[in-house]
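Remarks on the structure that follows.
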Amino acid sequence: MPELPEVQTVVNHIRPKIIGKQLMTIIPIWEKTLHNFNKDDIHGIKNNNKIIDVYRRAKFIIIEFTDKIIAIHLRMTGKLYISKNSTYPKHATAVLEFDDNESLIFEDVRKFGRIYLYDDLKVINSKHGPEPLDKNFTVELFKGMIKSKNRNIKALLLDQSFLSGLGNIYVDESLWESGIHPNSISSSIPVKKISTLHNKIQSILRNAILKKGTTIIDFSVNGESGKYANDLSIYGKNNKACFRCNSIIIKLKVAGRGTYACTKCQKKYDKKSTRIKC
DNA sequence: AGGCGTTCCTGGGGGC
DNA sequence: TGCCCCCAGGAACGCC
């Protein structure tokens, strides 16, 4: 499931290949893929159809034109890659065709992935929290964010309106590295632990980007595999020994997700703070 | 406010 | 071998 490092890897891969190209058409093979527009609406791009930049915001791949952006979300099983073939693979859900007979293929087995057309980033920014690797995402900011909520920490870290980019794998890894049980309540986590969590989220994401992401089930870039799978400490390791304390890792369900944890060395901070009513 | 269930989808795994 | 059932999960949405 593509999270921040996987999306960044896709961006790094396609960016140099499509900057400067002109978008001619979008072919919606699976109609619902174009979420807030239809293929005729890209006439709005027509006069300024040259791609000027490609970058990531949250888990979106942003393709920027002079006065429009196309935002692509891979969701669970989406893949995005350049192709020179005129035939499309079995699970292609949409195709962006360029002026030079090359295409950007959006392939998505489970069809959850979506493409959006916006004037700018405003809509996406309004629904998303800070970027965890941004210099403005400071320890002090994070402490305030965590302490201001009385929520299950895993649910909170998965919430894109709270913090952008994390998904099931990197949340479990970050909590394990920090020694925090996924069923902890955010407001009761000690500030020192929040500081550790901030540090671990950043180091895990940076390392995962260097390794080109994690290969689990569906993610790959043109057959090239991510190497972070070799660095996973907790995700998918149920019934195995914890690398840190050697006790057995369990699988549980938290926030509706399959969750891996070591109950011995991940401490549960679960006292809800009493709120003062005014 | 926050938690929970439901929906969208299909391939793959378990059971027999 | 084959068939049926169920499950995985990011995000949006409605309900309590």
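The values are calculated or read from the model by the stated rules, or taken from the named source; none is laboratory data. If you're wondering where the values come from, they're calculated on a predicted model, not measured in any experiment. Ideal geometry is used to build each Cβ from the backbone, glycine not excepted, and the neighbour counts take in all protein chains shown.
Points worth noting:
- Selection count where residues are at pLDDT below 85 and of a type in the set (Ser, Thr, Tyr), scope the stretch A:215-250: 3
- Scanning the stretch A:119-134 for residues that are away from DNA strand C (no atom under 16 Å from the Cβ) and free of Cβ contacts under 8 Å to residues at least 40 places away in the same chain yields a single hit, A:134.
- Residue A:114 being under 20 Å from residue A:257 (Cβ atoms) and either in contact with a Lys or Arg (Cβ under 9 Å, 6 or more places away or on another chain) or surrounded by fewer than 15 Cβ atoms within 10 Å (Cβ to Cβ) (or both): no
- Among the residues of the stretch A:120-162, those identified as away from DNA strand B (no atom under 16 Å from the Cβ) and either in a helix (DSSP H, G or I) or farther than 23 Å from residue A:209 by Cβ (or both) are A:120, A:122, A:123, A:124, A:125, A:139, A:140, A:141.
- Checking residue A:214 against (1) farther than 30 Å from residue A:122 by Cβ; (2) β-branched (Val, Ile, Thr); (3) in contact (Cβ under 8 Å) with a residue 24 or more places away in the chain; (4) touching a strand residue (DSSP E or B) at 6+ places or on another chain (Cβ under 9 Å), the condition it does not meet: (4)
- Members of the stretch A:135-166 that are aromatic (Phe, Trp, Tyr) and either within 17 Å of residue A:206 (Cβ to Cβ) or within 10 Å of DNA strand C (Cβ to nearest atom) (or both): A:137, A:142
- For the stretch A:35-51, the set of residues classified as buried (at least 18 other Cβ atoms within 10 Å of the Cβ) and either in a helix (DSSP H, G or I) or modelled with pLDDT under 95 (or both) consists of A:42, A:45, A:49, listed by residue number.
- Count of residues meeting criterion [of a type in the set (Val, Ile, Thr) and within 16 Å of DNA strand C (Cβ to nearest atom)] in the stretch A:238-271: 4
- Cβ-Cβ under 7 Å pairs, at least 6 apart or on other chains, the stretch A:75-95 side more than 20 Å from residue A:17 (Cβ to Cβ), far side at pLDDT below 90 and surrounded by 15 or more Cβ atoms within 10 Å (Cβ to Cβ): A:76/A:1; A:77/A:218
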